[in-house]
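**Q** Below is one structure. I have some questions about it.
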Amino acid sequence: MSAKATVEAPANIAFVKYWGASDLERAVPWEASLSMTLRTCVSRTTVEHRPEGGGDEVLVCGAGGTLEPPERAFAGGVLAHLERLRRWAGVAGSFRVATENTFPTGSGIASSASGFAALTLAVVACLERRPPAAELSDLARLSGSGSAARSVLGGYVQWPADAEEGGTGETAAWPWTAVQVAAADHWDLRDVVAVVETGRKEVSSREGHRRAPSSPHYARRRELLAARLAEVRRAIEGREFARLWPVVEEEAIELHLIAMSSRPPIFYWQPGTLAVLERTRRLRGEGLEVCFTMDAGANVHLICAPAAEEAVAAAVAELGCGVIRDGVGDGPRRLDEHLF
Ligand code: DP6
């Protein structure tokens with residue numbers, strides 16, 4: 001008898017960035033990061049386990065609801081993670097997987113984070129396993145997408161957790177676990193994404209992590225991170241936008257400073273990126289609670305208070321960018337409707 005499960009997992013946007021890993025294959029970060037889990041930008045993944053075997057199969061949903069074979073690199077990453085999860089579960093047989101995203105893939109909106117979180121959770125669900133969230137987040141990052149560890153939880157999420165919160169260091173069974181620092185309903189923040197480009201970025205995050213320590217600024221970044229993380233946690237705890245935005249923008253700029261000063265350098269920004277940053281500063285000057293952040297891509301996430309969302313979205317559209325309206329969400333959920 002085959003068993004099937006479908007899970008929807010959201011992307012997340014980091015306020016304190018994961019950039020640089022001591023083990024790239026297994027996504028072991030040098031430092032902790034912290035993100036907001038989104039609710040509109042999601043991956044949906046159906047996994048069917050076939051005990052009789054027959055080889056794993058990976059499909060993506062194309063336009064018009066057809067299931068198609070994915071690009072080779074994408075399929076390779078999924079197949080490797082399926083093998084890892086099969087070993088973790090101690091089962092034989094094969095998996096059939098279909099997946100879809102509600103947002104442009106590979107463009108600075110974290111599709112691997114939501115994709116690998118959804119895949120991990122759907123495999124676990126179809127095998128009827130119920131491990132604790134800490135174990136799930138650690139399983140997700142073994143895909144090589146570290147930010148996937150944060151997408152298995154909702155609200156505001158730190159990865160890895162501090163030692164006293166369950167991030168228990170390399171000797172523990174699940175050493176790099178994520179922790180929710182606040183639930184989504186603690187603070188309603190919105191994320192208006194200014195889509196500057198929809199193409200796949202030229203340099204992957206993985207390559208960016210690999211090059212990060214070659215930047216002369218990277219060692220200094222590592223010294224500053226603990227204080228920044230603490231400041232963001234204080235801002236979230238007290239719902240203080242005035243405390244949050246300077247750190248969030250500093251983090252975004254520094255991620256790109258490190259990328260641009262890596263050897264060889266990486267430029268993710270496009271001219272449109274700079275226009276959005278400039279506009280954000282002006283909006284804030286006009287009294288709106290809004291700030292910018294970016295991941296490894298040209299698109300800009302405008303984090304804002306609900307009262308600022310309309311004006312922010314209008315300003316982004318006026319600049320000629322695509323607009324995705326998102327906000328903090330409750331995290332992954334199981335769906336009754338399957339993709340096949
Ligand atoms: C810039 O290695 O998790 O988004 O696998 O492409 O999702 P993907 O990237 P990952 O690195 C994420 C880097 C970042 C910052 C962050 O999300 O913390």
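Values in this text are rule-based calculations from the coordinates and carry no lab data. The structure displayed is predicted, hence computed values, not measured ones. Note that each Cβ is placed from the backbone with ideal geometry, even for glycine, and that neighbours are counted across all protein chains shown.
**Q** Angle, helix 72-89 long axis vs. longest principal axis of the chain, Cα atoms, 0 to 90°, nearest 10?
**A** Taking the Cα atoms of the chain, the angle to 72-89 is about 60 degrees.
**Q** Roughly how many whole Å is it from the C-alpha centroid of region 25-93 to that of region 164-218?
**A** Each part's Cα centre sits 19 Å from the other's.
**Q** While we're on this one: How far apart, in nm, are the 7 Å Cα→Cβ label points at E278 and A92?
**A** 6.5
**Q** Could you work out the relative contact order of region 139-279, using alpha carbon pairs under 8 angstrom and six or more residues apart, expressed as a whole percent?
**A** Normalised by residue count, the contact order of region 139-279 is 18 percent.
**Q** Hey, quick one: spin label on A80, modelled 7 Å out along Cα-Cβ, who in region 11-37 has an amide N within reach, i.e. under 16 Å?
**A** Within reach of a label on A80, which here means backbone N under 16 Å from a point 7 Å along Cα→Cβ, region 11-37 contributes 21-29.
**Q** List every residue whose amide H lies under 5 Å from the amide H of V181, counting only residues 5 or more places away in sequence or on a different chain, with H placed 1.01 Å from N in the peptide plane.
**A** Amide H neighbours of V181: Y156, V157, Q158.
**Q** Moving to a separate point now. What span do the alpha-carbon atoms of region 11-115 cover on each of the three principal axes, reported in whole Å from largest to smallest?
**A** Cα spread of region 11-115 along its principal axes, largest to smallest: 44, 36, 23 Å.
**Q** Same structure, new question: Tell me the mean residue ellipticity at 222 nm calculated for the chain from its helices only (DSSP H runs of n ≥ 4, each -39500 (n - 2.57), averaged over every residue, nearest 500).
**A** Calculated from helices alone, the mean residue ellipticity at 222 nm is -11500 deg cm²/dmol.
**Q** What distance in nm separates the simple spin-label points at E310 and S214, each placed 7 Å from Cα in the Cβ direction?
**A** 4.9
**Q** Calculated FRET efficiency, S261 and V28, Cβ-Cβ r, R0 25 Å, to nearest 0.05?
**A** The calculated FRET efficiency here is 0.60.
**Q** Quick check for you: which residues of region 185-223 have the amide N under 20 Å from the point 7 Å beyond the Cα of D330 toward its beta carbon?
**A** Counting backbone N atoms under 20 Å from the label point, the list is 185-191.
**Q** May I ask you to derive the FRET efficiency for A3 and E286 from their Cβ-Cβ distance with R0 = 51 Å, giving the value to the nearest 0.05?
**A** For A3 and E286, the calculated efficiency is 0.40.
**Q** To continue, here is another question. For the chain, find the longest principal axis of its Cα atoms and tell me its angle to the long axis of helix 271-285, 0 to 90°, nearest 10.
**A** 60
**Q** Taking the radius of gyration and the Kirkwood hydrodynamic radius from Cα positions alone, what is the Rg/Rh ratio for region 127-186, to two decimal places?
**A** Numbers: Rg = 11.1 Å, Rh = 11.5 Å.
Rg/Rh for region 127-186 comes to 0.97.
**Q** Please identify which residues in region 269-304 have an amide N closer than 17 Å to a label point set 7 Å out from the Cα of E250, following the Cα→Cβ vector.
**A** The answer is 291-294.
**Q** Please grab the % of Cα pairs in region 113-225 that end up more than 22 Å from each other. Please report the intermediate quantities before stating the final value.
**A** Working: 3010 of 6328 pairs.
Result for the distance tail: 48 percent.
**Q** Wrap a convex hull around the Cα atoms of the chain, take a quarter of its surface area, and give that in square nanometres. Display every interim value, and only then the final one.
**A** Numbers: hull surface 66.7 nm².
Over every viewing direction, the Cα hull of the chain projects on average to 16.7 nm².
**Q** P(r) for region 264-340, please, calculated from all Cα pair distances in 10 Å bins and given in %.
**A** 16, 43, 22, 16, 3
**Q** Order these by the 10 Å Cβ neighbour count, fewest first: L274, L288, L136.
**A** The fewest-first ordering by Cβ neighbours comes to L274, L288, L136.
**Q** So if each residue of separation counts as 0.36 nm, and I subtract the Cα-Cα distance between R129 and T198, what length gain in nm does that give?
**A** Full extension of this stretch gives 21.2 nm more.
**Q** Would you mind working out the magnitude of the charge dipole of the chain relative to its Cα centre, with +1 at each Lys and Arg C-beta and -1 at each Asp and Glu C-beta, to the nearest 20 Debye? Mind dumping the intermediate values first?
**A** On the way: 37 positive and 44 negative charges, 117 e Å.
Here the size comes out at about 560 debye.
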